[in-house]
Amino acid sequence: MWRTRLHLLHMLTGILIAVLLGIHMVIQHLDAVLRFFGATTTDPTSWGSMIARASQGIWVALYIALLAFLLYHALYGLRGVILEVTTSVKLERIITWSFIIIGIIVFIWGAYVPVVLLSS
Amino acid sequence: MKQIRPRQNYLGAGGWVWAGNYKLERYLYILHRVTGLGMLFFVIFHLIETTFFRIQGQDVWEATMALLQNPWFEVGIYLVAVAFVYHALNGLRLILQEFGFFLGKPTPPIYPYKDALRKKRPWTLAMVAVIVILALVFLLNFII
């Protein structure tokens, strides 16, 4: 039963990532197109533009939420790919738990810097 | 007595690239997997860039961004953007089809009947068209 829950969560995080990463992609990679249609955006990769976003709580919250959804979605997906070729339940359990640990470590690593930048 | 061997059609790692006589959807599936793994690979470098380099201040950040102005990196970043568009829209198709949308009304199975995959195919082709259009919009942004 819990396995179907994990799969549902995979689909749910997929939709949430599509929204959050969609925002990220439009800002980062459609800036010239947006300017063509009259928007006044600066270069999104410039230090000033980046810090302006990093000092707003809502942006930091969205990016940390994106990181959490993305880590779950990516690691669950990779686990699914690997579990297609594993043959022992024990090995599958080891993979599952190591992915959980990797996910938690990477989340702390990735969420630390935006929080530091927000509070500085 | 001969032992029954289950999973005779088990393809193992070979199934990652070829899994029988399927058409469009099978290749969309492979591309979904390739783009997913590719973006996971990218995210590792993206996290290094936005943590270790970003925390070191403006000079290091600007040097990193100058490095990413390299045309080869530009091509790579464009491919990641297209991979995102593809993975998102194909994933949306998979979710909708898993829940039974786009299946149409039930029809009696009188030959020549359409199987479920072919009933859904016009929507699949429409999705491919949207992906191509969005990929071109992103390409426009990288050119202008």
ask   = What number goes with the only condition from (1) of a type in the set (S, T, N, Q); (2) more than 14 Å from every other protein chain (Cβ to nearest Cβ); (3) surrounded by 11 or more Cβ atoms within 10 Å (Cβ to Cβ); (4) over 14 Å from B:GLU25 (Cβ atoms) that B:THR107 does not pass?
value = (3)
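Let's see how each residue does on (1) of a type in the set (Ser, Thr, Tyr); (2) over 20 Å from B:GLY91 (Cβ atoms):
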{"residue": "A:LEU9", "(1), (2)": "no, no"}
{"residue": "A:LEU16", "(1), (2)": "no, no"}
{"residue": "A:LEU21", "(1), (2)": "no, no"}
{"residue": "A:HIS24", "(1), (2)": "no, no"}
{"residue": "A:PHE36", "(1), (2)": "no, yes"}
{"residue": "A:THR42", "(1), (2)": "yes, yes"}
{"residue": "A:SER46", "(1), (2)": "yes, yes"}
ask   = Taking A:VAL113, is it without any contact (Cβ under 8 Å) to a residue 24 or more places away in the chain, surrounded by 12 or more Cβ atoms within 10 Å (Cβ to Cβ), hydrophobic (A, V, I, L, M, F, W, C) and not in a helix (DSSP H, G or I)?
value = no
ask   = Among the residues of the stretch A:1-48 satisfying the criterion of being within 11 Å of chain B (Cβ to nearest Cβ) and of a type in the set (S, T, N, Q), which is farthest from the chain's Cα centre (by Cα)?
value = A:SER46
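Kindly indicate the residue of the stretch A:63-87 that is part of a helix (DSSP H, G or I) and among the β-branched types (Val, Ile, Thr) and also nearest to A:HIS10 (Cα to Cα) among those meeting that condition.
First pass over the stretch A:63-87, keeping only residues part of a helix (DSSP H, G or I): A:63-83.
Then keep just the ones that are among the β-branched types (Val, Ile, Thr); that gives A:64, A:81-82.
Details: A:ILE64: 18, A:VAL81: 14, A:ILE82: 16 Å.
Going through the qualifying residues, I end up with A:VAL81.
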ask   = Looking only at residues in the stretch B:29-48 that are touching a helix residue (DSSP H, G or I) at 6+ places or on another chain (Cβ under 6 Å) and either modelled with pLDDT under 85 or not β-branched (Val, Ile, Thr) (or both), which one is farthest from A:VAL85 (Cα to Cα)?
value = B:LEU47
message = Restricting to the stretch B:33-62, and then to whatever is aromatic (Phe, Trp, Tyr) and over 20 Å from A:LEU70 (Cα atoms), can you tell me which residue is nearest to the other protein chains (Cβ to nearest Cβ)?
response = B:TRP61
B:ALA88 being surrounded by fewer than 16 Cβ atoms within 10 Å (Cβ to Cβ) and part of a helix (DSSP H, G or I) = no
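The values are calculated or read from the model by the stated rules, or taken from the named source; none is laboratory data. None of the values given here were measured: they were computed from a predicted structure. Here Cβ is always computed from backbone atoms with ideal geometry, including for glycine, and neighbour counts include all displayed protein chains.
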